[in-house]
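Single-structure report; data block below.
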Amino acid sequence: MVETKKKNEWLEWAKAIFIAILLAFFLRTFVFATSIVEGDSMYPTLEDGERVIFNKFVYLIGEPDRGDIIIIQRPIKNYVKRVIALPGETVEMRNHQLYINGEKYTETFISDEAINNTGNFGPITVKKDKYFVMGDNRAISRDSRNGLGLINEEDIIGRSEFIIYPFDDWSMTR
């Protein structure tokens with residue numbers, strides 16, 4: 001009788017572990033994942049070496065919005081950038097001022113220094129199902145202006161939500 005009780009206890013533990021592994025796999029595959037920031041293109045919002053949690057589910061039910069920090073999947077490496085212009089919009093930088101559809105847009109998420117380091121470009125009209133992105137550290141960022149081009153909607157795999165490492169920098173990434 002004692003042996004049967006121990007066997008049942010082991011079976012219950014095995015079931016609990018199996019369910020936990022399945023739940024973790026589901027969450028990792030469809031809801032949340034982590035990414036390591038490489039480089040300084042998103043400085044000071046995100047720094048080189050920080051680990052962020054990104055939400056994969058949010059864009060299954062919605063679309064990226066201006067200001068979102070997104071994860072872009074590419075064959076060699078993923079990129080972390082900020083959405084600046086949405087499909088169908090026209091974006092332009094003139095005299096250190098961002099214009100979207102001909103109207104001035106105030107970039108509250110970056111410093112005046114970063115704005116002043118953004119050279120003139122455009123106007124660029126964003127095609128359907130594409131997004132225009134830039135890094136917050138404009139002087140060194142590889143983005144839609146200079147190498148990444150317009151980003152396909154299907155290449156956006158999530159929105160950055162939290163910085164989880166280093167532990168003393170825990171915060172939201174908005």
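The values are calculated or read from the model by the stated rules, or taken from the named source; none is laboratory data. This is a predicted model, so every value here is computed, not measured. Note that we place each Cβ from the backbone using ideal geometry, even for glycine, and neighbour counts take in every protein chain shown. Ligands, DNA and RNA are stripped out before the accessible areas are found, and what is left, the full protein with its side chains, is counted by its heavy atoms. Shrake-Rupley method; radii C 1.70, N 1.55, O 1.52, S 1.80 Å.
Is it the case that residue 140 is farther than 26 Å from residue 58 by Cβ, in contact (Cβ under 8 Å) with a residue 40 or more places away in the chain and not charged (D, E, K, R)? Spell out the reasoning first.
Details: farther than 26 Å from residue 58 by Cβ: yes; in contact (Cβ under 8 Å) with a residue 40 or more places away in the chain: yes; not charged (D, E, K, R): yes.
Taking the combined requirement at face value, the residue satisfies it.
What tally of residues in the range 118-136 results from selecting those that are open to solvent by less than 80 Å² (accessible area, probe 1.4 Å) and not small (Gly, Ala, Ser)? Write out each step before concluding.
In the first step, residues of the range 118-136 are kept if they are open to solvent by less than 80 Å² (accessible area, probe 1.4 Å); the result is 118-119, 121-122, 124, 126, 129-136.
Those left that are additionally not small (Gly, Ala, Ser): 118, 121, 124, 126, 129-134, 136.
Summing the residues that are open to solvent by less than 80 Å² (accessible area, probe 1.4 Å) and not small (Gly, Ala, Ser) in the range 118-136 gives 11.
Checking residue 87 against (1) under 23 Å from residue 159 (Cα atoms); (2) free of Cβ contacts under 8 Å to residues at least 40 places away in the same chain; (3) open to solvent by 30 Å² or more (accessible area, probe 1.4 Å); (4) touching a Lys or Arg at 6+ places or on another chain (Cβ under 8 Å), which single condition isn't satisfied?
(2)
Rundown of residues vs (1) open to solvent by less than 60 Å² (accessible area, probe 1.4 Å); (2) within 21 Å of residue 158 (Cβ to Cβ); (3) in contact with a Pro (Cβ under 8 Å, 6 or more places away or on another chain), yes/no style:
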residue	(1), (2), (3)
7	no, no, no
13	no, no, no
68	yes, yes, no
114	yes, no, no
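Considering only residues of the range 88-111 that are outside any loop (DSSP other than H, G, I, E, B) and among the hydrophobic types (A, V, I, L, M, F, W, C), which is nearest to residue 125 (Cα to Cα)? Working first, answer last.
Pass one, the range 88-111, residues outside any loop (DSSP other than H, G, I, E, B): 90-94, 97-100, 103-105.
In the following step, the residues that additionally are among the hydrophobic types (A, V, I, L, M, F, W, C) were identified as 91, 93, 98, 100.
Values: 91: 6, 93: 13, 98: 14, 100: 10 Å.
Out of the qualifying residues, it is 91.
Being among the hydroxyl-bearing types (Ser, Thr, Tyr) and within 17 Å of residue 78 (Cα to Cα) is the filter; apply it to the range 118-172 and report the residue that is modelled with the highest pLDDT.
Narrowing the range 118-172 to residues among the hydroxyl-bearing types (Ser, Thr, Tyr): 118, 125, 131, 141, 144, 160, 165, 171.
When the remaining residues are screened for being within 17 Å of residue 78 (Cα to Cα), the result is 131, 141, 144, 160.
Values: 131: 97, 141: 90, 144: 94, 160: 85.
The qualifying residue modelled with the highest pLDDT is 131.
Report, by residue number, each residue of the range 91-107 that is open to solvent by 40 Å² or more (accessible area, probe 1.4 Å), out of contact with any helix residue (DSSP H, G or I) (no Cβ under 9 Å at 6 or more places or on another chain) and not acidic (Asp, Glu).
94, 95, 101, 102, 104, 105, 106
Do you know which residues across the range 137-166 are outside any strand (DSSP E or B), open to solvent by less than 20 Å² (accessible area, probe 1.4 Å) and touching a strand residue (DSSP E or B) at 6+ places or on another chain (Cβ under 8 Å)? Lay out the reasoning, then the answer.
So the first thing to find is which residues in the range 137-166 are outside any strand (DSSP E or B), and the list is 137-150, 153-155, 166.
Imposing the further condition that a residue be open to solvent by less than 20 Å² (accessible area, probe 1.4 Å) reduces the set to 138, 141, 143-144, 148.
Listed by number, the residues that qualify are 141, 143, 144, 148.
Answer with yes or no whether residue 80 is touching a Gly at 6+ places or on another chain (Cβ under 7 Å) and open to solvent by less than 40 Å² (accessible area, probe 1.4 Å). Outline the logic, then answer.
Working: touching a Gly at 6+ places or on another chain (Cβ under 7 Å): no; open to solvent by less than 40 Å² (accessible area, probe 1.4 Å): yes.
When the stated conditions are applied, residue 80 does not pass them.
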